[in-house]
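The values are calculated or read from the model by the stated rules, or taken from the named source; none is laboratory data. Only a predicted model underlies this, so the values are computations on that prediction, with no experimental measurement involved. All Cβ positions, even for glycine, are placed from backbone atoms using ideal geometry, and neighbour counts span all protein chains on display.
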Amino acid sequence: MMIPDPNVVTWTAMIGGFAWNGFHHEAVSLFLDMSRTADRLEPNGETLLSLIYACAGLGFPCLGKQAHAYALVHGMDGDGEDGRLTKGFIYMYSRFGNMDWARHIFDRSIRRCDAVCWNSMIEGYIRIGRLEEARRLFDEITVDSRELSWVTMIVTWTTVVSAYFDSGDVAEARRLFQRMPERDATAWTALISGLVRNERVAEAFGAFAGSRAAGFAPEGHALAALLGAVGSVARLEVGEQVHGLTVKTGPASDTVLRNALVAMYAKSGDLEGARKVFEEEAVAGKGGGGWRDAVTWNTMVMGLAHHGRAHEALRLVVEMQQEVEPDGGTCLGALTACDHVGMVDRAEEVIRFMVDRGIPVGAEHYACVVDMLGRAGRFEAAERFAGSAQAEAGVEAWGALLGTCGMARGEGEETAVGERAARMVLGMDPKNAAAHVALCHVYARSGSHKEEVQVRTEMGRKGVRKRPGCSWIGWRGMVHAFVCGDRSHPQTDEIYSMLAQLTGKP
């Protein structure tokens, strides 16, 4: 139905309907159509408000600034329209990252700025990395928050907590979380996700338990992150708790979360559990809930490959092509399967498949094939393949070759190949700790102890240190982490005493 001679109110209703429902391109296009009408209709405050929201969503600073200029010329930036235009311009400029203009408007209008304005400013500073200024505003708003609802304050607190996690300041993020006057599921989600991002896995498990004790269920993406952490430390019982929670609360229907469940079970060694979730996704797809995507298939393929079930993994690669196209992740899973059982010829077929399909051969693919050839004792072939790698994949490819030389017996060509591989890696990355350590292993296995000492001396001179490995163990509901030489555990004396008894060494 066409509306004859629509006026500015009609145009504004349409523009706003698009803008406030996420159809930003359509809103801007409709505004431009309005400006070209024969009557040359002039926008009102509501029109501009919808336009600047759409510009902010699209990242159109030029048009947004023109809207601001129009408002200034026509005196529409004052207290009229309930101050909403002023708040809208603060939001728009903060989204553009133009915090100087946002702050200029904010300071001129601070007495009528509500929590939305404050949050726009804080989020804007965080977005461009000016965390100190965001913190100053945060401290101002939290000193006197009597007029703000606790819901509004939770949003502000959670934003700043997440920002500190993103900056790596876990201690400050945790302090702020503890100071929060109220917490909701989103706040707990920010805590759990932040701890996982900063590799504080044990603390993330504790936070998950805390959220459950407080009566909150973390949101889907936090549960997915937590499942990833579960898989990395093989805490299957925690993963099963998360799985049970997703079934009860509903987000288990989310494909991302289902993929995380498949990965968690696979990494924890429970391939039957992974397969069960994987098959449930197929049933969900047939019921209209969405088919398994490439990530789902790749996760299952990689899980089977890592646990030595190479033939099942390769069969799954063939089967998946009935639903989705294989990608680089699929091919990496296939190569990993070949690597685990030494199927060099099949791996070469996978590489040819990638080239024929136009799938980029990345660093991990090169490294996997080089590792496989090296394990098969075909060092010359491995060296040739590493040499064919693109520049951006070179460090990984030559590093894989060096690693396999370091694991060899040291009785043949691997010492010379290892030296050449080391020169290539260190030429691209002079402080690569893993390369130095692998070269030491090459010399140690070949009996070249003088050269080994020289490499270790060189590491000291360069200040190169290998990052210590970390071991995890779950005991009585807690995760305990240890690194080499670590004496920070509260039961260190008892632990080392037991180790001495087990090894027979004082």
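Restricting attention to the stretch 445-454, the residues being part of a helix (DSSP H, G or I) and modelled with pLDDT of 80 or more number 6.
The rows are residues; the columns are (1) within 17 Å of residue 225 (Cα to Cα); (2) outside any helix (DSSP H, G or I); (3) at pLDDT 90 or above.
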residue: 166; (1), (2), (3): yes, no, yes
residue: 174; (1), (2), (3): no, no, yes
residue: 182; (1), (2), (3): no, yes, no
residue: 190; (1), (2), (3): yes, no, yes
residue: 193; (1), (2), (3): yes, no, yes
residue: 202; (1), (2), (3): yes, no, no
residue: 208; (1), (2), (3): yes, no, no
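Just one residue in the set 386, 313, 391, 334 is over 20 Å from residue 293 (Cβ atoms) and modelled with pLDDT of 90 or more; that residue is 386.
Might you let me know whether the stretch 208-226 holds any residue that is of a type in the set (A, V, I, L, M, F, W, C), buried (at least 17 other Cβ atoms within 10 Å of the Cβ) and in contact with a strand residue (DSSP E or B) (Cβ under 6 Å, 6 or more places away or on another chain)? Lay out the reasoning, then the answer.
Narrowing the stretch 208-226 to residues of a type in the set (A, V, I, L, M, F, W, C): 208-209, 213-214, 216-217, 222-226.
Narrowing the set further to residues that are buried (at least 17 other Cβ atoms within 10 Å of the Cβ) leaves 208, 217, 222-226.
Narrowing further to those that are in contact with a strand residue (DSSP E or B) (Cβ under 6 Å, 6 or more places away or on another chain): none.
Within the stretch 208-226, none of the residues are of a type in the set (A, V, I, L, M, F, W, C), buried (at least 17 other Cβ atoms within 10 Å of the Cβ) and in contact with a strand residue (DSSP E or B) (Cβ under 6 Å, 6 or more places away or on another chain).
Looking only at the stretch 185-207, residues that are acidic (Asp, Glu) and crowded, with 16+ Cβ neighbours inside 10 Å come to 1 in all.
Here residue 348 passes the criteria (1) at pLDDT below 95; (2) touching a Cys at 6+ places or on another chain (Cβ under 7 Å) except the one numbered (2). Selection within the stretch 97-116: residues that are over 30 Å from the mean Cα position of the chain (by Cα) and hydrophobic (A, V, I, L, M, F, W, C). The member of this set that is farthest from residue 56 (Cα to Cα) is 110.
Just to be sure before I move on: is residue 424 in the same structural domain as residue 367 (by TED's automatic domain parsing), surrounded by fewer than 18 Cβ atoms within 10 Å (Cβ to Cβ), touching a helix residue (DSSP H, G or I) at 6+ places or on another chain (Cβ under 7 Å) and not small (Gly, Ala, Ser) in the structure I sent? Working first, answer last.
Details: in the same structural domain as residue 367 (by TED's automatic domain parsing): yes; surrounded by fewer than 18 Cβ atoms within 10 Å (Cβ to Cβ): no; touching a helix residue (DSSP H, G or I) at 6+ places or on another chain (Cβ under 7 Å): yes; not small (Gly, Ala, Ser): yes.
Here the answer is no, as residue 424 does not meet what is asked.
Answer yes or no as to whether residue 103 is more than 30 Å from residue 208 (Cβ to Cβ) and out of contact with any Gly (no Cβ under 7 Å at 6 or more places or on another chain). Break it down stepwise before answering.
Details: more than 30 Å from residue 208 (Cβ to Cβ): yes; out of contact with any Gly (no Cβ under 7 Å at 6 or more places or on another chain): yes.
Yes.
As a summary of the residue check, residue 123 satisfies the conditions (1) among the charged types (D, E, K, R); (2) without any contact (Cβ under 8 Å) to a residue 24 or more places away in the chain; (3) crowded, with 16+ Cβ neighbours inside 10 Å except for the one numbered (2). Here are some residues: 140, 203. Which one is in contact with a helix residue (DSSP H, G or I) (Cβ under 6 Å, 6 or more places away or on another chain) and charged (D, E, K, R)? That would be 203, the only listed residue that is in contact with a helix residue (DSSP H, G or I) (Cβ under 6 Å, 6 or more places away or on another chain) and charged (D, E, K, R).
Here 393, 434, 386, 400 are screened, and the one residue that is part of a helix (DSSP H, G or I) and in contact with a Leu (Cβ under 8 Å, 6 or more places away or on another chain) is 386.
When each of 31, 89, 96, 23 is tested for being free of Cβ contacts under 8 Å to residues at least 40 places away in the same chain and closer than 27 Å to residue 133 by Cβ, the lone residue that passes is 89.
Do the conditions hold for residue 258, that is, is it crowded, with 16+ Cβ neighbours inside 10 Å, at pLDDT 85 or above and more than 21 Å from the chain's Cα centre (by Cα)?
Working: crowded, with 16+ Cβ neighbours inside 10 Å: yes; at pLDDT 85 or above: yes; more than 21 Å from the chain's Cα centre (by Cα): no.
It is false that residue 258 is crowded, with 16+ Cβ neighbours inside 10 Å, at pLDDT 85 or above and more than 21 Å from the chain's Cα centre (by Cα).
For the stretch 1-33, filtering for residues that are charged (D, E, K, R) and assigned to a loop (DSSP other than H, G, I, E, B) leaves 1. Out of 305, 294, one residue alone is modelled with pLDDT of 90 or more, crowded, with 21+ Cβ neighbours inside 10 Å and farther than 11 Å from residue 258 by Cα. It is 305. Cβ contacts < 8 Å: first residue without any contact (Cβ under 8 Å) to a residue 60 or more places away in the chain, restricted to the stretch 436-461; second residue buried (at least 18 other Cβ atoms within 10 Å of the Cβ) and aromatic (Phe, Trp, Tyr), any location; separation 6+ or different chain. Result? Correct list of pairs: 449/443; 451/443; 452/443; 455/443. Collect the residues in the stretch 208-251 that are within 19 Å of the chain's Cα centre (by Cα), of a type in the set (A, V, I, L, M) and closer than 26 Å to residue 489 by Cβ, keeping them in residue-number order. Once the filter is applied, which keeps residues that are within 19 Å of the chain's Cα centre (by Cα), of a type in the set (A, V, I, L, M) and closer than 26 Å to residue 489 by Cβ, the stretch 208-251 yields 225, 226, 229, 230, 233.
Identification of helices (runs of 4 or more DSSP H) wholly contained in the stretch 73-136 with 3 or more residues that are within 18 Å of residue 152 (Cα to Cα), out of contact with any Phe, Trp or Tyr (no Cβ under 7 Å at 6 or more places or on another chain) and of a type in the set (A, V, I, L, M, F, W, C) yields 115-127.
Could you say whether any residue in the stretch 86-106 is surrounded by fewer than 19 Cβ atoms within 10 Å (Cβ to Cβ) and at pLDDT below 90? Explain how you work it out, then say what you get.
First, the residues of the stretch 86-106 that are surrounded by fewer than 19 Cβ atoms within 10 Å (Cβ to Cβ): 97-98, 100-101, 103-104.
If we keep only those that are at pLDDT below 90 as well, we get none.
The answer is no; no qualifying residue exists.
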